[in-house]
Every structure is written in structure tokens, then in C-alpha cells.
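K.L.:
Have a look at the structure that comes next, please.
The values are calculated or read from the model by the stated rules, or taken from the named source; none is laboratory data. Because the structure is predicted, anything quoted here is derived from the model rather than measured. Methodologically, a virtual Cβ is constructed for each residue, glycine included, from the backbone with ideal geometry; neighbour enumeration extends over all protein chains shown. Just the protein is used for accessible areas: all its heavy atoms, side chains included, with ligands, DNA and RNA removed. Shrake-Rupley method; radii C 1.70, N 1.55, O 1.52, S 1.80 Å.
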Amino acid sequence: AAAMAQGEGLLSVDYEVSGKVQGVFFRKYTQGEAKRLGLVGWVQNTSHGTVRGQIQGPPARVRELQEWLRKTGSPQARISRADFSNEKEIAVLEHEEFQIL
């Protein structure tokens, strides 16, 4: 926990959320939450009814958004599962902001 407090670099993680997540402003809410947490990355709908994207930023903040994606989402969303992959430490942020694609 001490290493976290010193801000051990940045984290990048990909995500895909399944359930009733399209047509319920999920992307807009995700963008709002990411911006509130000071994270960068992107979010998009997929052709198979899920929402996927990437989050980058301080580890503790990334964890907060992961938790939000897993449990909260937009008010009308019904999240059945959230999968996270390609987690890695990065030296610099690869995105300027958090975009809806």
C-alpha cells in the first residue's frame, strides 16, 4: 500500500462490459465517470452488444473505474459481467482524454 501512495507509475487496462449496456447512455456515463476520476482512454459499443474500451491513469483511480464498470454503470444499464484484460504498467498516458468512439 505504501508504494501505491507514492504513485507507482500508471496503469493501462482493457475492459468489456456485457449485459444491457447499449442504448442506455452507458458510454456517456462511463466518459463522465472517467473524467471525474482524471482518467484517459476510450469507450465504444461493439457489434455484439457489449461495450468495450481502455482505461489509463493512476492505479487507484483505475481500480475505482473498474469497480464502477463492474457494479454501477449508467442508471438503466443491467451489467451481467465486466471482463478486464491486458493490464500493464505504462510510462506515459497514450491518450489525451477519455473519448467515446
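K.L.:
Have a look at Ser47, Ser12, Ser85 and tell me which one the Gaussian network model of the chain (Cα, springs below 10 Å) gives the largest fluctuation.
P.N.:
Looking only at Ser47, Ser12, Ser85, the biggest GNM fluctuation is shown by Ser47.
K.L.:
Considering the options Phe98, Ser47, Ala77, tell which one lies farthest towards the positive end of the dipole of the chain, charges being +1 on Lys and Arg and -1 on Asp and Glu at the Cβ, about the Cα centre.
P.N.:
Farthest along the dipole direction, towards plus: Ala77.
K.L.:
Still on this model: Evaluate the relative contact order of the chain (contact order divided by residue number), counting alpha-carbon pairs under 8 angstrom at least 6 apart; express in whole percent.
P.N.:
Relative contact order for the chain comes out at 45 percent.
K.L.:
Based on DSSP H runs of at least 4 residues, each adding -39500 (n - 2.57), what is the mean residue ellipticity at 222 nm of the chain after dividing by all its residues, to the nearest 500 deg cm²/dmol?
P.N.:
Calculated from helices alone, the mean residue ellipticity at 222 nm is -8000 deg cm²/dmol.
K.L.:
On a 0 to 90 degree scale, rounded to 10, what angle separates helix 59-71 from the longest Cα axis of the chain?
P.N.:
20 degrees
K.L.:
Note the listed values (1) 1.12; (2) 1.01; (3) 0.97, then indicate which one is Rg/Rh (Cα atoms, Kirkwood Rh) calculated from this particular structure.
P.N.:
Computed from the coordinates, Rg/Rh (Cα atoms, Kirkwood Rh) corresponds to (3).
K.L.:
Whenever you get a sec, line up Tyr15, Tyr29 from highest to lowest accessible area (probe 1.4 Å, protein heavy atoms). Let's see the in-between values first.
P.N.:
Working: Tyr15 10, Tyr29 105 Å².
These residues rank, largest area first, as Tyr29, Tyr15.
K.L.:
State, to one decimal in nm, how far the label point of Ser85 lies from the label point of Lys71, with both points 7 Å from Cα in the Cβ direction.
P.N.:
Modelled inter-label distance: 2.6 nm.
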